[in-house]
1. Find the residue count for the stretch 144-156, including only residues that are under 19 Å from PRO92 (Cα atoms), assigned to a loop (DSSP other than H, G, I, E, B) and out of contact with any His (no Cβ under 7 Å at 6 or more places or on another chain).
2. Can you tell me which residues in the stretch 110-131 are among the hydrophobic types (A, V, I, L, M, F, W, C), at pLDDT below 95, over 17 Å from ALA154 (Cα atoms) and part of a loop (DSSP other than H, G, I, E, B)?
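The values are calculated or read from the model by the stated rules, or taken from the named source; none is laboratory data. The model shown is predicted, which means the values in this text are computed figures rather than measured ones. Cβ: placed from backbone, ideal geometry, glycine included. Neighbour counts: every protein chain shown.
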Amino acid sequence: MTADTVDLGRRGFLRGRRRDAPAPVHPPWSRPAFFTDLCSRCGACAQACPEAILRPGDGGFPEVDFALGECSFCGACADACAEPIFDRTGAPWSLVAAIADTCLAARRVVCRSCQDACPESAIRFIPAPGGAASAAVDDAACTGCGACVGACPADAVTLHSQPPNRQPASQPGDSHAP
């Protein structure tokens, strides 16, 4: 690692964290501006999560690990929390899937794992000349549930924040609620 790729913030520097490492994803509906100030790191949200995708992250704060599964937007994490961290009046978060060039389909290997795992059908493969297909994400349909992340055998799918003026097409609970 060089100085231009290391996070020079105190914690990042001491842990050798890369600057391009994605920001942690906290539980849905958690308010980012207040999360680290109000979270007591008690673990109640992780214990309540029926998908078991919440784990202790940096500093013991709960983070979503999409490699373990998808978020069903059930709200159990918010219901279990005694602190005023969650605001369920809006969208759970502004995440959208992105597919890197390490995708097997981009390397001419037939794979549709992310498309098959997506409950919103937000990932499609566009045929191209020569038989190779490329993955495309419909940002408006993607809820950021993360089902595609763990399904990808090449670790080519990640979740990123959408621009603030965008909102997911479906509202929380529309198709994921039990």
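1. So the answer is 2.
2. Hit for the stretch 110-131 is ALA128, nothing else.
Yes/no per residue for (1) closer than 30 Å to ALA135 by Cα; (2) surrounded by fewer than 17 Cβ atoms within 10 Å (Cβ to Cβ):
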position: HIS26; (1), (2): yes, no
position: SER40; (1), (2): no, yes
position: GLN47; (1), (2): no, yes
position: ALA52; (1), (2): yes, yes
position: PHE73; (1), (2): yes, no
position: CYS81; (1), (2): no, no
position: VAL96; (1), (2): yes, no
position: ALA100; (1), (2): yes, yes
position: CYS103; (1), (2): yes, no
